[in-house]
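Trainee: So that we are looking at the same thing, I have put the structure below in structure tokens.
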Amino acid sequence: MAMSVGESGDDAPMSDINTTPMVDVMLVLLIIFLIAVPVVIQTIDLALPKVQFEPTTTKPENVALSVTGAGGQCQVYWGMTKVSHQELLDRGVEKLKKEIDRQGGINAAGLELPEVHIRGDVNTPYRCIGATIYTMQMAGFVKVGFISEPRPARPRPGCDDDRFKGVFYMAMSGGQEDGQPMMELNTTPLIDVMLVLLIMFIITIPIQTHAVKVDLPQNSNQSAPPVEPQKNKLYIDADGNVFWNSVQIDDVTLRQYLDASLQQDPEPELHFQPDPQARYDVVDRVLAIVKRANVSKLGFVGNEQYRNDF
């Protein structure tokens, strides 16, 4: 880097700061930043349920589906591509087959099957979600995650939301108050640039999402197991009311009933069958309660009737 100690033909100290090295460093940092930050995955713009459960990260091998019920019509997107029921089934089968082959076959040790991550708008009717679950189940997927966004944390007392105002204004000083040239390097512009890069980095990182993950029951050619001596039905009506064996309950009572059922041996089955028009945000909230209770025998009932809804 070039260095100059004074103006030409004058022994007076130079009052100008050579910013070229700093600009070079900023350009290098910017290039590193662009390379290091992963490309943001494009998804359909949806209002996700505000349910906090299990932080999750979408892996490349997982399948991300977006489901909406805009205009009363179920619409399912594989990434950014809208798909029909048959297209979703064909893509699911192909995706699962490729992933199994990549890991060395169905009998490979440590085989990890991809998951289905469903992003549903809060106003999406359950029939659209149920149709998607049924289709991916028919394709052979065994685990589905219902993606939600955690509620934003409340700001701490005394936290000033305006503290970042002016961060883009670069401070500059050309000399001291007595008129003498300033001999110290002003690092304020460098700090400002660092803050700008930090804010860009925070904005670029995708928002962390939470997922309620459920193991799907699989079809089998074997005869159906005998009916358990006790099974329970969990139902959600179109207005968002929750029913346990036809009796309306609240979230607290639901958790109490779930805990009581787990005390039985063998554990009774839980049949989950929301109304076709039940809102997705209510369904996601109830599923989170079921998963927190560690219910192992959960089955989705009636999803096959929605297979032609998109």
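The values are calculated or read from the model by the stated rules, or taken from the named source; none is laboratory data. Quick caveat: nothing in here was measured; it's all calculated off a predicted structure. Here the Cβ is made from the backbone with ideal geometry for all residues, glycine too, and neighbour counts use every protein chain on show. What goes into the accessible areas is simple: the full protein's heavy atoms, side chains included, and nothing from ligands, DNA or RNA. Shrake-Rupley method; radii C 1.70, N 1.55, O 1.52, S 1.80 Å.
Trainee: Output the number of residues of region 231-267 satisfying the condition of being touching a Lys or Arg at 6+ places or on another chain (Cβ under 8 Å), among the small types (Gly, Ala, Ser) and modelled with pLDDT under 90.
Mentor: Here the count works out to 1.
Trainee: A further question follows. Which of the residues belonging to region 268-299 are open to solvent by 30 Å² or more (accessible area, probe 1.4 Å) and either in contact with a Lys or Arg (Cβ under 6 Å, 6 or more places away or on another chain) or not basic (Lys, Arg) (or both)?
Mentor: Glu269, His271, Gln273, Asp275, Pro276, Gln277, Asp281, Asn294, Ser296
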